[in-house]
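The structure appears right after this line, and notes come after that.
The values are calculated or read from the model by the stated rules, or taken from the named source; none is laboratory data. What you see is a predicted model; the values in this text were computed from it and never measured. Note that we place each Cβ from the backbone using ideal geometry, even for glycine, and neighbour counts take in every protein chain shown. Areas reflect the complete protein model, heavy atoms only, side chains present, ligands, DNA and RNA absent. Shrake-Rupley method; radii C 1.70, N 1.55, O 1.52, S 1.80 Å.
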Amino acid sequence: MKADYLNASKRISGASGAWLMHGDEPLLAQSLLDQCRKYWREQNIERQRVDLTSSADWREALGQLDNLSLFSSTMALEIHGNHKPDAAGMAALERFIQSPGDNILIINMPKQDHTAQKTKFFQLLDANGLVVSLALQNDRERQDFLATQAKTLKVELTSEAWKMLISQTENNLLAAHQALIRLSFLSEPDEQIDIEKLLPALSDQSRYSLFDLSDAALLGDIERTVKILNYLFESGEAESLILWTISKEMRLILQLLDNPNPNYQSLGIWSNRQSLYQKTMRRIKRTQTTSWLELLLRCDQSIKGVGLEKPKDLLLQASLALAGLQLFDAKISARQTI
């Protein structure tokens, strides 16, 4: 059975069996997944996430459904990637579809073209599950979706500003959403945004990047680090990329601490950034880094759906640790993960 984003969002409370989500709008995928996860938390449904690296991963991924914790009777399994299952994976998928119980399988893939939609894999899900096309059909649906995001961000636009936002972002949903996020930083909550106030948010100059996060943390600027991290969260930046950025900087700092006379170029630190790292090294003490690797591991596990800790909470801890602020005692944090 096929459904669009809007119809799928109305079916979340009754979701069962297998769903295949596919499309070119990552913002719609993230929104639908966020709604699902919120419902699962409310219903105390255990969630696991698997990121595919090959077709052979499917059988092991579906095996997660047999590994419920002692406190759960139902699992929601998310499978992300662009690898269709091999023969063993297809057999496991067919077994699940024949007898899903109360479990839920959500498969998130890039847009599947007409050729891909003729495969046995796609046809199996179309005939026995729900295939969700992650697309909006017209400007009205696009504005309705963005209006919901704006309400969450406490951003209110005039009708003329809405028309300009849709026009200037050329139907690019992600660009429009990023503009709303910039407005949330540039305006007061629920302030009426007209065209004049909208224009600065349409400029890329207000955007923050992963490089900005690195620089703020390395400089020890706590307030700016938090502001940039929140912006990246709101703009839909992949949590795995945020972790990669923080991890890279932490590991570089650890290498520099082990070598008082480093060869910066061999570490990939070019001359225009050496002074930044030298300032960081004068600020960071070895005792501040003892829990870094363990914290990075917890971040990675949480992003992959292992454990009960929230990725955003752990990424905040890691970012602030890099900036020089340890939110929790390392020993207490370690005990909490056991």
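Tabulated data for the structure shown
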read-out	value
Region 241-269 residues that are assigned to a helix (DSSP H, G or I), paired with ones that are of a type in the set (Phe, Trp, Tyr) (beta carbon under 6 Å, 6 or more apart)	250/292
Candidate set from region 124-140 (those that are among the small types (Gly, Ala, Ser) and outside any strand (DSSP E or B)); member that is farthest from the chain's Cα centre (by Cα)	127
Filter pass, residue 277 being modelled with pLDDT under 90 and open to solvent by less than 50 Å² (accessible area, probe 1.4 Å)	no
Failed condition for residue 58, given (1) at pLDDT 85 or above; (2) loosely packed, with under 14 Cβ neighbours inside 10 Å	(2)
Matching residues, region 303-330, being farther than 15 Å from residue 246 by Cα and not aromatic (Phe, Trp, Tyr)	304, 305, 306, 307, 308, 309, 310, 327, 329, 330
Total residues in region 156-170, condition part of a helix (DSSP H, G or I), without any contact (Cβ under 8 Å) to a residue 24 or more places away in the chain and either under 15 Å from residue 200 (Cβ atoms) or not hydroxyl-bearing (Ser, Thr, Tyr) (or both)	2
Candidate set from region 86-110 (those that are touching a Ser or Thr at 6+ places or on another chain (Cβ under 7 Å) and open to solvent by 40 Å² or more (accessible area, probe 1.4 Å)); member that is nearest to residue 19 (Cα to Cα)	102
Residue check for residue 120: of a type in the set (Lys, Arg) and at pLDDT 90 or above	yes
